[in-house]
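What follows is a short report on a single structure.
The values are calculated or read from the model by the stated rules, or taken from the named source; none is laboratory data. On a predicted model such as this, the values are computed, not experimentally measured, just so you know. When we count neighbours, we look across all protein chains shown, and the Cβ atoms used for this are built from the backbone with ideal geometry, even at glycine.
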Amino acid sequence: MKKQSAIIFTSVALLALLVAPHFLKSYGVYLLTYWLVFILAAMGLNLTVGYAGQKSLGHAAFFGIGAYTVAIMMKAGFSFWLGLPAAAAICFVTGILVGFPALRVQTIYLAFATLGFNTAAWLVMRNEEQYTGGTFGINNIARPELFGLSLDGALAYYYFTLGVTIVFGLLLFGLLRSPWGKAFTALRDNPIRAESLGVDVRNYTLLSFAIGAVYAGVAGALFASLVQFIDPAPFGVGQSIMMYLMVVIGGPGYFFGPVVGAAVGVVLPEWLRFAQDWYLFVFGSAVVLLMIWLPDGLLSIPDRIRARRESREASAARAAAVTAAAANAGKGSGA
Amino acid sequence: MSGPLLEVKGLKKSYGAIRAVGGVSFQVMPGEIFGVIGPNGSGKTTMFNSVLGQIEPDAGEIHLNGQNITGLSPLQLNQRGVGRTFQTLQVFGKMSVRDNLIVAAQEHRGTMWSRMFAPGDSGLGAKADELIDLFGIRHVADKPAGSLSYGQQKLVDIAMAFMSEPALVLLDEPCAGVNPSLVGGISTLLKQLNQQSGVGKRASSFVVIEHNMDFVMDLCHRIMVMVEGEVMAIGTPDEIRANKQVLAAYLGS
């Protein structure tokens, strides 16, 4: 049943994503593309944080490394199609390196270690002006062509981003269904036990960072070409916290959590524009309330409903058993 | 092979000025169930964790099948066929019982690379079902392990240690916190697993730490009594019961 409803839900959502941009103005399409980019980035962080349990606050650095890799390479005359795999590869290697502290420290200490990495990466983006343009950034980043088709238009780039997101989504889905998914979850739930059962904690920890970083890097590459101008601002610690928030709000360890979480992080602020100066207050309050009400994220709602129904059924069954026993006892004493 | 499966020689471990284990030696033969008893703080768990690579001993050597395994990590030991349970419950709470069992053996199949493309159950579904039936946890097999009662989780915990068909399993207080009616069940299960009643191709040897005397005396072939980090006696249950020194120090008269 659960599987069926998931398939129906996914198909409907996919159809909506295919059709929706035709009913939107170009800013709406731009926003949808923006959302997809953050879904992709948050999917990677969901692997690192949600499945493997590694508290990373440095995800925006990988996002930035991906964006700058593509921007710098395209400015140097290379194709986007070379920049994209280069961004992924550089993020993979950097991700492994950033994973090493996680072999020594965990939880909040790991969060601070990764936050330090994010700050360092951000400083490189800001200070290495000859490569990154410093605070002036890099502008006029072109959009790529695909099989001779220009992806310059908002709609074309949207479909391109959608395609990439779906492909990477399917890859992640496949990975999580393979034994790797269980190993990551084991690592999150109980690393000491996992190791005693033969799970190579070191390899899986490093790979959870590296694969998560690849997703951020690819998202960053798409981001650079989407906004066509990058400066260090969107790659700071604040963005990392925002990405972490997306994972937590959607539901860490839920496959579609990042889809919901990124919607809250990207689309909700747009809807809250009417609140103007109160925007941050309303957004902040909404997050606080959500965390109190649903600490496991929005996608935990079906599980909560199911758990409640099961416990209601169990207590009804117990009550029925007690009544039946009492009735039997009554009969016994009567006879 | 007729030599001991596990041989511990002169194992020592101190924490600062406190000597937790002071020169412990013993042998476990293939197919044997070896009990370790002793009062709290007698160094049983420290000895266990040293053997299992969780902590590094100050001195001494540990051999498995004649090979020196001193200082190997828990991961390397598991890869060499050593399984264990912990004193406290250690299941993966959010995974189903079946997945807990599967993940307990999947890393013994293929390489990391091949596992990326392997089916979700790594071909271990039948093996998991076998243990699920043996342990009588069929009705909760698809529930998250963390949602089960303590006793049920303990059964899952023990079953996990046997999924990869280890040659040697170290069980740290398998009956702690388990209600008396289940203690007999665990004892029967361990005997069955030891005699490989359909499960496992290799004869499993166990080292069991336990405070429940009836359980230990009934289950184990030989028992080692530890007091203040030293071995006080090693012998069959009958010999241990008759040992006056042990009676005075631990069993009470």
**Item:** Filtered residues of region B:44-86 (kept if part of a helix (DSSP H, G or I) and farther than 26 Å from B:Leu101 by Cα)
**Value:** B:Lys44, B:Thr46, B:Met47
**Candidate set: region A:185-198, residues that are of a type outside the set (Gly, Ala, Ser) and assigned to a helix (DSSP H, G or I); chosen: the one surrounded by the fewest Cβ atoms within 10 Å (Cβ to Cβ)** = A:Ile192
**Prompt:** So which of A:Ala224, A:Ala186 ends up being within 20 Å of A:Ile90 (Cα to Cα) and either more than 11 Å from chain B (Cβ to nearest Cβ) or not basic (Lys, Arg) (or both)?
**Reply:** A:Ala224
**Prompt:** Which residues, counting only those in region B:40-53, are without any contact (Cβ under 8 Å) to a residue 60 or more places away in the chain and within 14 Å of chain A (Cβ to nearest Cβ)?
**Reply:** B:Asn49, B:Gly53
**Asked** Does region B:122-133 contain any residue that is surrounded by 18 or more Cβ atoms within 10 Å (Cβ to Cβ) and at the interface with another protein chain (Cβ under 7 Å from one of its Cβ atoms)?
**Response** yes
**Asked** Scanning for something among the hydrophobic types (A, V, I, L, M, F, W, C), surrounded by fewer than 18 Cβ atoms within 10 Å (Cβ to Cβ) and within 14 Å of another protein chain (Cβ to nearest Cβ), does region B:54-71 turn up at least one residue?
**Response** yes
**Message:** Pairs needed: first member in region B:132-143, farther than 15 Å from B:Met160 by Cβ and at pLDDT 90 or above; second member anywhere, charged (D, E, K, R) and surrounded by 12 or more Cβ atoms within 10 Å (Cβ to Cβ); C-beta distance under 7 Å; at least 6 residues apart or different chains.
**Reply:** B:Asp142/B:Arg98
**Request:** Show the residue pairs that are 6+ apart or on different chains and have beta-carbon atoms under 7 Å apart, the first residue being within region B:75-88 and at the interface with chain A (Cβ under 7 Å from one of its Cβ atoms) and touching a residue at least 24 places away in the same chain (Cβ under 8 Å), the second being of a type outside the set (D, E, K, R) and in a helix (DSSP H, G or I).
**Result:** B:Asn78/A:Ser196; B:Arg84/A:Ser196; B:Arg84/B:Ala161
**Request:** Scan (1) among the aliphatic types (A, V, I, L, M); (2) within 14 Å of chain B (Cβ to nearest Cβ); (3) within 30 Å of A:Glu128 (Cβ to Cβ) for the single condition A:Leu197 breaks and write down its number.
**Result:** (3)
**Fill in**
Okay, helices (runs of 4 or more DSSP H) sitting entirely in region A:249-326 with 1 or more residues that are of a type in the set (Gly, Ala, Ser), surrounded by 12 or more Cβ atoms within 10 Å (Cβ to Cβ) and under 20 Å from the mean Cα position of the chain (by Cα), I get A:257-262, A:279-293
